[in-house]
Amino acid sequence: MKLHCANRVLDLSVPHVMGVLNTTPDSFSDGGSYASLDSALYRGEQMLKQGARIIDVGGESTRPGAVKIELQQELDRVIPVVEKIHGNLDVCISVDSSSPEVMLAAQKAGAHMINDVRALQRDGALEAAKKVNLPVCLMHMQGEPDTMQSNPSYSHILDDVYGFLSERILACHEAGIENSQILLDPGFGFGKSVEHNYHLLANLKHFESLAVPILVGLSRKSMIGSALGGRPVNDRVAGSVAAAVVAVIKGAHIVRVHDF
Ligand code: 9MG
């Protein structure tokens, strides 16, 4: 399976690592330390040298409890970083955004892929994704980041997530976005209990029948902390690596990670 990302091709017959580059001051894992362009570039370069094939640039924190930000703030954080990386590094750039305006500006700035935790549900997002003509990752989330962990509940987690992702694939098809440009993500930690998350991980192969590549983000998440007796976020590297390996064994094509 090959993923065509603008002028790049990712061969998905082998797994790939997507490195996280947050530009948010309240980011749960990077704490805004890559806020300046030079340090963002430096971090991107480090991740590239350490094996990342994709760098995911995000300006909105989606950690549990995070509040929404203004569009202009997101554009100001993300677009200069995309331009800087595009001009300096030989790497595939993903933009972590749900805003159509950010998707359009990011494509002009050199982005190769869209990563939308809201699965193109915002007004104008489907049209923007069609227009930029880049692969898009559709992620499942129950609720919104500010409240999603308050009481996540499902009648059947696997069926519910599968049903949602199938519907979003259909919405993409209706908007003219083909399977060859779609990736799916069950959204670990996004409106899910620890039990929900591990049930999804154990059954990741269930999503193979949707016939598009699978991307997962498990790195540093609370489900890892729980399995490690409540370790803090910066002390979850081994658990994150173990979870990423399990995900790949169970069919994930791309793993989104913080640590190399
Ligand atoms: C932006 N972001 C944070 N966590 C994520 C995850 O698990 N998957 C994807 N696709 N994006 C994520």
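None of the figures in this text is laboratory data; all of them are computed from the coordinates on show. If you're wondering where the values come from, they're calculated on a predicted model, not measured in any experiment. Here the Cβ positions follow ideal geometry from the backbone for every residue, glycine too, while neighbour counts run over all protein chains shown.
Brief remarks follow.
- Restraint check, 2/84; 2/49; 68/131; 84/130; 84/250, Cα-Cα greater than 28 Å: 84/250
- For the range 141-151, 3J(HN,Hα) per residue [Karplus equation, 6.51 cos²θ - 1.76 cosθ + 1.60, θ = phi - 60°, Hz, x = Gly/Pro]: 9, 9, x, 10, x, 5, 10, 4, 9, 6, 7
- Residues whose placed amide H lies under 5 Å from that of residue 182, excluding near-sequence neighbours: 136
- A straight chain from residue 227 to residue 131 at 0.36 nm per residue would run longer than the Cα-Cα distance by 30.4 nm.
- Using θ = phi - 60° and Karplus 6.51 cos²θ - 1.76 cosθ + 1.60, couplings along the range 97-110 (whole Hz; Gly, Pro as x): 7, 10, 8, x, 5, 5, 4, 5, 5, 5, 5, 5, 7, x
- Cα-projected label distance for residue 46 with residue 108, points at 7 Å along beta-carbon direction, nm: 3.2
- Build a GNM of the chain with springs between Cα atoms under 10 Å apart, and of 39, 193, 98 the one that fluctuates most is 39.
- Candidates 179, 151, 197, ranked by Gaussian network fluctuation over the chain, Cα under 10 Å, top entry: 151
- The charge dipole of the chain, taken about the Cα centre with unit charges on the Cβ atoms of Lys, Arg (+1) and Asp, Glu (-1), comes to about 580 debye, rounded to the nearest 20.
- With the highest mean first, a sort of the peptides 132-141, 68-77, 10-19, 228-237 on other beta-carbon atoms found within 10 angstrom per residue produces 132-141, 10-19, 68-77, 228-237.
- Beta bridges per DSSP with both ends in the chain, % antiparallel, nearest 5: 10
- For the range 1-106, size of Cβ-based charge dipole, Lys and Arg +1, Asp and Glu -1, in debye: 340
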